[in-house]
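Below is one structure, written out as structure tokens, with a few remarks after it.
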Amino acid sequence: MKKIESRMNLKSVIASSLVLGAVLATPVEAATTLRIASQHAPDQYASEVLRQIKVDLENAGVDLKIKLYPAGQLGSGEQLIGETVRGSIDIVHSFVYSHKDPVLEINSLPYLVSNYDEMEKVFSPGSNFYGIFDQRMDKMGLKLLGVTAEGFIGVMSSSMPENYRTTGPKGQNIRVWSAQSAKLGTQDMGYNTTTIDWGDAFPAIQQGVVDGMIGATPEATYTTFKEAIKNYVPYNAFVENYAYYASKKTWEKKLNEEQRKVITEVFAKAAAGFVDWSRENDAANLKKLEAFGVKVLPLTDAERSAIAKEVRAKTWPKLEERLGKDILDEVIADL
């Protein structure tokens, strides 16, 4: 009888040990893993910021684990929007294309802002622009976490443009991105345009398919295109702006309230730092271009202001049917 009791006690001890071991081996609550995709190269400032975001989120004590996918590893900007709506990507830092909603093209309005103070105001929470962007993305199934204004955009070219100080004909055909507002604005600046993907722009310039391009800040011009060009005109016609946005499926079903609060705060802080960085970075990279041998063609503030006034007067009315006069009036009220 004692042998039987001993065997039963031993079995109980073994069973209890197995249960305890299983409990100890299983975390009370597994960390939530978020996939964050971006379009920036690993050595760009925006990627440096994203790496800091990863550290901040993982160290916030709310059980988040971050996996970063930079440099378009998970697809183009258009593809990232679709995948994020579906929830296969959790958070993105990318340019927001207007292929799903033409109103989102307000981020490509020519001369939307004309200086860094206006840049900070318009691309921050509280502006009409930001509110419209937030609402339209929400309807698509995306949660806006911040807009990053990453510098002003000028025109680079492999030959000297004519009438570069005015909106007169430039005698050049340059690459432009797919937004209708960008095409019309660039044409009203005096250029002929051809739509070419970003990845094909360098060989297109180098091979003479186009004479140059619009769509790059001084930094991007220096890091990516300096070997293919001879001139850069700092028109400041557009703002290179990207957005931090999350999948609403992730936001509503995958995250708890504490996690959402931390994510909101971390991304808002990151986005707010971009304007000051842009101010310094644009100036530094114009100097780098000149040191490399690219001629930066000067414009006075008065000349740039005259171009901006003329382009707004010509281009913005052409966009009323596409974007809506009420939308444009709200954006104008920010200025």
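Just checking, which of 57, 74 is over 22 Å from residue 278 (Cβ atoms) and over 17 Å from the mean Cα position of the chain (by Cα)?
Unique residue meeting the criteria: 57.
Failed condition for residue 110, given (1) crowded, with 18+ Cβ neighbours inside 10 Å; (2) closer than 26 Å to residue 75 by Cβ; (3) touching a strand residue (DSSP E or B) at 6+ places or on another chain (Cβ under 6 Å), with all others met?
Of (1) crowded, with 18+ Cβ neighbours inside 10 Å; (2) closer than 26 Å to residue 75 by Cβ; (3) touching a strand residue (DSSP E or B) at 6+ places or on another chain (Cβ under 6 Å), only one is false for residue 110: (2).
Taking only pairs six or more apart or across chains, which ones have beta-carbon atoms under 7 Å, a first residue in segment 76-97 that is part of a loop (DSSP other than H, G, I, E, B), and a second residue that is small (Gly, Ala, Ser) and modelled with pLDDT under 95?
Filtered contacts from segment 76-97: 95/77; 97/77.
If you take the residues in segment 31-75 that are among the acidic types (Asp, Glu) and either part of a helix (DSSP H, G or I) or at pLDDT 95 or above (or both), which one is farthest from residue 220 (Cα to Cα)?
So the residue we want is 63.
Among the candidates 267, 238, single out the residue that is surrounded by 14 or more Cβ atoms within 10 Å (Cβ to Cβ), over 28 Å from residue 90 (Cβ atoms) and of a type in the set (Phe, Trp, Tyr).
On the way: 267 fails: over 28 Å from residue 90 (Cβ atoms).
Testing whether each residue is surrounded by 14 or more Cβ atoms within 10 Å (Cβ to Cβ), over 28 Å from residue 90 (Cβ atoms) and of a type in the set (Phe, Trp, Tyr) leaves just 238.
Before we move on, is residue 74 surrounded by 14 or more Cβ atoms within 10 Å (Cβ to Cβ), more than 25 Å from residue 197 (Cβ to Cβ) and of a type outside the set (S, T, N, Q)?
no
Looking at residue 282, is it of a type in the set (D, E, K, R) and in contact with a Gly (Cβ under 9 Å, 6 or more places away or on another chain)?
So residue 282 passes the test.
Looking only at segment 287-306, which residues are in contact (Cβ under 8 Å) with a residue 40 or more places away in the chain, farther than 30 Å from residue 125 by Cβ and outside any loop (DSSP other than H, G, I, E, B)?
Those that are in contact (Cβ under 8 Å) with a residue 40 or more places away in the chain, farther than 30 Å from residue 125 by Cβ and outside any loop (DSSP other than H, G, I, E, B): 288, 289, 292, 295, 296, 303, 306.
Condition test on residue 266, is it of a type in the set (Val, Ile, Thr) and in contact with a Pro (Cβ under 9 Å, 6 or more places away or on another chain)?
Here the answer is no, as residue 266 does not meet what is asked.
When you scan segment 288-313, how many residues do you find that are more than 16 Å from residue 235 (Cα to Cα) and basic (Lys, Arg)?
Total meeting the criteria: 1.
Residues 176, 233: which one is closer than 30 Å to residue 37 by Cα, of a type in the set (Val, Ile, Thr) and touching a residue at least 12 places away in the same chain (Cβ under 8 Å)?
176
Do you know which residues across segment 310-325 are touching a residue at least 24 places away in the same chain (Cβ under 8 Å) and either at negative phi or among the acidic types (Asp, Glu) (or both)? Talk me through it step by step, then tell me what you get.
Our first condition is that a residue be touching a residue at least 24 places away in the same chain (Cβ under 8 Å); within segment 310-325, this holds for 310-312, 314-316, 318-319, 322-324.
Within segment 310-325, 310, 311, 312, 314, 315, 316, 318, 319, 322, 323 qualify.
Counting only residues that are out of contact with any helix residue (DSSP H, G or I) (no Cβ under 8 Å at 6 or more places or on another chain) and farther than 24 Å from residue 220 by Cα, how many does segment 93-130 have?
1
Please go through segment 298-320 and give me each residue that is in contact with a helix residue (DSSP H, G or I) (Cβ under 8 Å, 6 or more places away or on another chain) and among the charged types (D, E, K, R), ordered by number.
The answer is 310, 314, 318, 320.
Run down 261, 254, 248, 288 and say which single residue is touching a Ser or Thr at 6+ places or on another chain (Cβ under 7 Å) and surrounded by fewer than 20 Cβ atoms within 10 Å (Cβ to Cβ).
254
Are there any pairs with C-beta distances below 7 angstrom linking a residue in segment 256-282 that is among the charged types (D, E, K, R) to a residue that is modelled with pLDDT under 95 and in a helix (DSSP H, G or I), with the two at least 6 apart or on different chains, and if so which?
Close Cβ pairs satisfying both conditions: 279/116.
Quick check on segment 133-184: of everything there that is charged (D, E, K, R) and assigned to a helix (DSSP H, G or I), which residue is surrounded by the fewest Cβ atoms within 10 Å (Cβ to Cβ)?
139
The values are calculated or read from the model by the stated rules, or taken from the named source; none is laboratory data. Keep in mind that what you see is a predicted model, and the values were worked out from it rather than measured. Using ideal geometry, Cβ is built from the backbone for each residue, glycine included, and neighbour counts are taken over all protein chains shown.
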